[in-house]
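Notes to accompany the following structure.
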Amino acid sequence: DAKTTQPTSMDCAEGRAANLPCNHSTISGNEYVYWYRQIHSQGPQYIIHGLKNNETNEMASLIITEDRKSSTLILPHATLRDTAVYYCIVSIKAAGNKLTFGGGTRVLVKP
Amino acid sequence: DTGVSQDPRHKITKRGQNVTFRCDPISEHNRLYWYRQTLGQGPEFLTYFQNEAQLEKSRLLSDRFSAERPKGSFSTLEIQRTEQGDSAMYLCASSLERGAFADTQYFGPGTRLTVL
């Protein structure tokens, strides 16, 4: 599976957009980009996923570059409850879709 | 609640004892995954099932670990002769495999194991 690189941590202001980058330069054509987050002591929570096109749901937007080598997760209006570790994962459906988590980005939303 | 459930949520045991965890997936989800997460690290894949068939096991899953999903619904993860290094959060996830479409895994709250 392709590996991902994310910043170790970032802060953002409550009410502002939070833009979380992820590099996946070795991604292959059949690998999806998934984003999960994990609030302290809870199980990971699914946020969004995409293959080539940008995606949006009620939680976030996912912007994938045309060459698919990087992506950005956008939380449009961060709240204190968005404080969590955010994981960017690439996964091959043909390989059972098992998820390989890296270190993630620790996001702290400040008032 | 129709999400993934896990039982127990916490387990404290002494070294050398056997422990068993249970996972109930989202209804009708045909895939079930087990992951392990140690403090400060991301979850690591252990094994997964499609219906009752165990399709893959990680090298992390030593001979002391066994997982079953006998009727293709709930699953159990047993650890025999526990060691202190087994202390971790054990996470279960389930998904609905739908042919060509990506299947999204939904995680349970986890079982935190402490081996004394």
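Which one of these does A:Ala78 not meet: (1) under 13 Å from the mean Cα position of the chain (by Cα); (2) at pLDDT 95 or above?
Condition (1) is where A:Ala78 drops out.
Let me confirm something: among B:Arg69, B:Arg112, B:Arg81, which residue is farther than 16 Å from A:Leu99 by Cα, of a type in the set (Lys, Arg) and crowded, with 20+ Cβ neighbours inside 10 Å?
B:Arg69
Against the condition more than 14 Å from chain B (Cβ to nearest Cβ), on the phi < 0 side of the Ramachandran plot and open to solvent by 70 Å² or more (accessible area, probe 1.4 Å), how does A:Asp67 come out, does it pass?
Details: more than 14 Å from chain B (Cβ to nearest Cβ): yes; on the phi < 0 side of the Ramachandran plot: yes; open to solvent by 70 Å² or more (accessible area, probe 1.4 Å): yes.
Against the criterion (more than 14 Å from chain B (Cβ to nearest Cβ), on the phi < 0 side of the Ramachandran plot and open to solvent by 70 Å² or more (accessible area, probe 1.4 Å)), A:Asp67 qualifies.
Pick from the stretch B:84-109 the residues that are of a type in the set (S, T, N, Q) and more than 10 Å from chain A (Cβ to nearest Cβ): which of them is least open to solvent (accessible area, probe 1.4 Å)? Break it down stepwise before answering.
Residues of the stretch B:84-109 that are of a type in the set (S, T, N, Q), as a first pass: B:84, B:87, B:94-95, B:104-105.
Going one step further and asking which of them are more than 10 Å from chain A (Cβ to nearest Cβ), we end up with B:84, B:87, B:94.
Working: B:Gln84: 108, B:Ser87: 40, B:Ser94: 0 Å².
Once the filter is applied, the top-ranked residue is B:Ser94.
If I ask for residues that are in a strand (DSSP E or B) and open to solvent by 80 Å² or more (accessible area, probe 1.4 Å), which ones from the stretch A:20-47 would you list?
A:Asn23
Taking the stretch A:48-59 as the search range and keeping residues that are part of a loop (DSSP other than H, G, I, E, B) and either in contact with a His (Cβ under 8 Å, 6 or more places away or on another chain) or more than 14 Å from chain B (Cβ to nearest Cβ) (or both), which one is nearest to A:Gly96 (Cα to Cα)?
A:Asn54
Could you please find all residues in the stretch A:2-19 being surrounded by fewer than 16 Cβ atoms within 10 Å (Cβ to Cβ) and over 15 Å from the mean Cα position of the chain (by Cα)?
A:Asp11, A:Ala13, A:Glu14, A:Gly15, A:Arg16 - these are the residues of the stretch A:2-19 that are surrounded by fewer than 16 Cβ atoms within 10 Å (Cβ to Cβ) and over 15 Å from the mean Cα position of the chain (by Cα).
Assuming A:Asn97 fulfils every condition listed in (1) in a loop (DSSP other than H, G, I, E, B); (2) over 26 Å from B:Gln6 (Cβ atoms); (3) open to solvent by less than 50 Å² (accessible area, probe 1.4 Å) apart from one, which condition is it?
With respect to (1) in a loop (DSSP other than H, G, I, E, B); (2) over 26 Å from B:Gln6 (Cβ atoms); (3) open to solvent by less than 50 Å² (accessible area, probe 1.4 Å), A:Asn97 is out only on (2).
Sort through B:Gln50, B:Gln54, B:Gln80 and tell me the only one that's of a type in the set (S, T, N, Q) and away from chain A (no Cβ under 12 Å).
B:Gln80
The values are calculated or read from the model by the stated rules, or taken from the named source; none is laboratory data. Bear in mind that the values here come from a model prediction, so they are computed numbers and not experimental data. Heads up, the Cβs are rebuilt from the backbone with ideal geometry, glycines too, and the neighbour counts pull from every protein chain shown. For accessibility, only protein heavy atoms count, side chains too; no ligands or nucleic acids. Shrake-Rupley method; radii C 1.70, N 1.55, O 1.52, S 1.80 Å.
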